[in-house]
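**Q** Okay, here's the structure, questions in a sec.
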């Protein structure tokens, strides 16, 4: 499994580079939300006025990391078949959209693989709804072959508030994906002078649906660790 591990290490290099670009984009400090008092409704609106533009380097590096992780799985499948003394033409690590498609497609992609090894892969449930991490990785790799991946700025982490001691009504309205001008918080009364509210933002996946809204760094690291465990399992086998 040496070649699969090399692919994982290459992916980790891309992930580290991606984090550098991510920090350049969103920074490390919280973003101040600007308060505006609406006398008619008697609420202070907190508006996120600026969203940083995402560097085009981010989807490019992301695509490279995704491809190396997905390829590591194919290397695993090919090595298993090769060790069994069989040809590896047409061999892939099977991942499908549904359990039914997995049942129908996976035998052709694992032809020549020992039954025990195929059973180990089956137990990973590599299809949508069974293992969304693998399905998401698979879909991202397919998408990146045709166009740049969609990433977006979103709210993650913390909402930091400095409040007065008086009791007050709060209404949060934090969307999954942020846009400049979003009203994220309403506080009853005029609190423009005595309150500050900050929000931490990060870069997240905009697709596919099973990963949309998840922070890219956290998810990529989870993918890399998971695939390392898969490789380690078959090394022990």
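**Q** Taking R0 as 35 Å, what FRET efficiency do you get between residue 3 and residue 143 from their Cβ-Cβ distance, rounded to the nearest 0.05?
**A** 0.90
**Q** Let me ask you something else. In what order do 105, 179 fall by count of nearby beta-carbon atoms within 10 Å, going from fewest to most?
**A** Lowest to highest Cβ neighbour count: 179, 105.
**Q** Debye sum, Cα scatterers, the chain, no solvent: what log₁₀ I/I(0) at q = 0.11 1/Å?
**A** For the chain, the Cα-only Debye profile gives -0.66.
**Q** Taking Cα atoms, how many degrees apart are the long axis of helix 2-26 and the longest axis of the chain, rounded to 10 and kept between 0 and 90?
**A** 10 degrees
**Q** Next up: What's the FRET efficiency of residue 186 with residue 55 using the Cβ-Cβ distance as r and R₀ = 35 Å, to the nearest 0.05?
**A** That pair, residue 186 with residue 55, gives E of 0.60.
**Q** Report the gain in length on full extension from residue 173 to residue 207: 0.36 nm times residue separation, minus Cα-Cα distance, nm rounded to one decimal.
**A** Full extension from residue 173 to residue 207 adds 10.0 nm.
**Q** To the nearest 10 degrees, how steep is helix 57-83 against the longest Cα principal axis of the chain, on a 0 to 90 scale?
**A** 30 degrees
**Q** At 222 nm, what helix-only mean residue ellipticity would the chain give, in deg cm²/dmol to the nearest 500, using -39500 (n - 2.57) for each DSSP H run of four or more?
**A** That calculation yields -15000 deg cm²/dmol at 222 nm.
**Q** Can you give the relative contact order of the chain as a percent, counting alpha carbon pairs under 8 Å and 6+ residues apart?
**A** 29 percent
**Q** Follow-up question, since we're still on this one. Relative to the longest principal Cα axis of the chain, at what angle does helix 132-144 sit, 0 to 90 degrees, rounded to 10?
**A** Helix 132-144 and the main axis of the chain meet at about 90 degrees.
**Q** In the chain, what percentage of the DSSP-assigned beta bridges are antiparallel, given to the nearest 5?
**A** 95 percent
**Q** Bin width 10 Å, origin at 0, all Cα-Cα pairs of segment 8-49: what percent of pairs per bin?
**A** 24, 25, 19, 16, 11, 4
**Q** Would you look at the GNM of the chain, springs on alpha carbons closer than 10 Å, and say which of 34, 210, 26 moves the most?
**A** Looking only at 34, 210, 26, the largest GNM fluctuation is found for 34.
**Q** Still on this model: Hey, rough spin-label estimate for residue 41 and residue 100, points 7 angstrom out along Cα→Cβ, what's it come to in nanometres?
**A** 4.6 nm
We did not get these values from a lab; they are worked out from the coordinates using the rules stated. Being a predicted model, the structure only gives us computed values, none of them experimental. Quick reminder, even Gly has a Cβ in these numbers, built from the backbone with ideal geometry, and neighbours come from all protein chains shown.
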